[in-house]
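The values are calculated or read from the model by the stated rules, or taken from the named source; none is laboratory data. Since the model is a prediction, treat every value here as computed from it, not as a measurement. Reconstructed Cβ throughout: ideal geometry from the backbone, glycine too, with neighbour counts over all protein chains shown.
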Amino acid sequence: MNRERQLAKAFVDLADTYASEFDPLHLFNRLVHTCVELLEVDAAAVMIADARGSLKTMAATNEEAAFVELLQTQTGSGPCMDCYRTGEAHSVPDITAERERWPKLVTAMTDAGYRSLQTVPVRLHERPLGGLTLLNTRAGAMPNDDAHLAQALADSAALALMHWSTEPTRSDDVITRVQSAIAVKAILEIAKGMIAEYTGGTIAEAGQLLADYARRHRVSLAETVHALVSRTMDPTVILSARELN
């Protein structure tokens, strides 16, 4: 598939809120993986702010990227925090040059093998909803074209989140939609813990089992985890996805 077709497919996938499997978990997962596929980056993660302004990690391409985000929320500082507060993109071409400013973040990134990052705001009509972090194992600033594309992808995801309903959207629905997405992510984490405990596997393996089940049965991941946590679905049903792979 050529570059133009990849770009077209990426925006269609992010915007397709009427697909039967659409839910916010898929949306943010698509966003971070699309960034890695289309941009010159090695990992990506996205955080969204709740009603109190606290950022929550919604998706990450790997555990290291998720930890980089978590560390910023715990310390209250870092480029993604700045990006959300200012509503502007931030470039850090060499994270080692920021050791005095963000010592814990620099240690975490270098230990994970990352040298640079770019953040862009996830925003709706210039209103910041969160931040998208793009990590690289090599030093250097992200090319301007890639930075602009990352912003366009993040904006598309924000618009898709706001249209995640067949009902008319009002301006005061923004917080409601964001809160709903964060709540679903929290339920996903509970469901992953349930499956991991049941199987004796890792949290990452449990997450993959849940995703495989939702994809195979063409149901939303949100519906699947709600059913598990509410005890209307038995964990043994999820294992069928592993057995059929």
Inset, instruction - Could you grab me the full set of residues in segment 57-72 that are assigned to a helix (DSSP H, G or I) and out of contact with any Pro (no Cβ under 9 Å at 6 or more places or on another chain)? - result: Glu63, Glu64, Ala65, Ala66, Phe67, Val68, Glu69, Leu70, Leu71
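Scan segment 109-127 for residues that are farther than 21 Å from Ala152 by Cα and under 19 Å from the mean Cα position of the chain (by Cα) and jot them down.
Answer for segment 109-127, where residues must be farther than 21 Å from Ala152 by Cα and under 19 Å from the mean Cα position of the chain (by Cα): Met109, Ala112, Tyr114.
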Inset, instruction - Taking only segment 211-223 into account, find how many residues are more than 16 Å from Tyr198 (Cα to Cα) and not in a loop (DSSP other than H, G, I, E, B). - result: 9
Legend entry - Tally, over segment 111-137, of residues that are touching a Phe, Trp or Tyr at 6+ places or on another chain (Cβ under 9 Å) and not polar (S, T, N, Q): 8
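Just wondering, is there one or more residues in segment 59-79 that are surrounded by 15 or more Cβ atoms within 10 Å (Cβ to Cβ) and over 30 Å from Glu205 (Cβ atoms)?
There is at least one residue in segment 59-79 that is surrounded by 15 or more Cβ atoms within 10 Å (Cβ to Cβ) and over 30 Å from Glu205 (Cβ atoms).
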Legend entry - Close pairs (8 angstrom Cβ cut-off, 6 or more residues apart or separate chains): within 10 Å of Leu14 (Cβ to Cβ) in segment 147-159, among the hydroxyl-bearing types (Ser, Thr, Tyr) and at pLDDT 90 or above anywhere: Leu153/Thr34
Legend entry - Residue in segment 96-111 that is in contact with a helix residue (DSSP H, G or I) (Cβ under 7 Å, 6 or more places away or on another chain) and at positive phi present: no
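Can you name the residue in segment 1-41 that is of a type in the set (A, V, I, L, M, F, W, C) and over 18 Å from the mean Cα position of the chain (by Cα) and is also modelled with the highest pLDDT among such residues?
Leu7
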Legend entry - Any hit, segment 97-115, residues being buried (at least 20 other Cβ atoms within 10 Å of the Cβ) and closer than 27 Å to Gln208 by Cα: yes
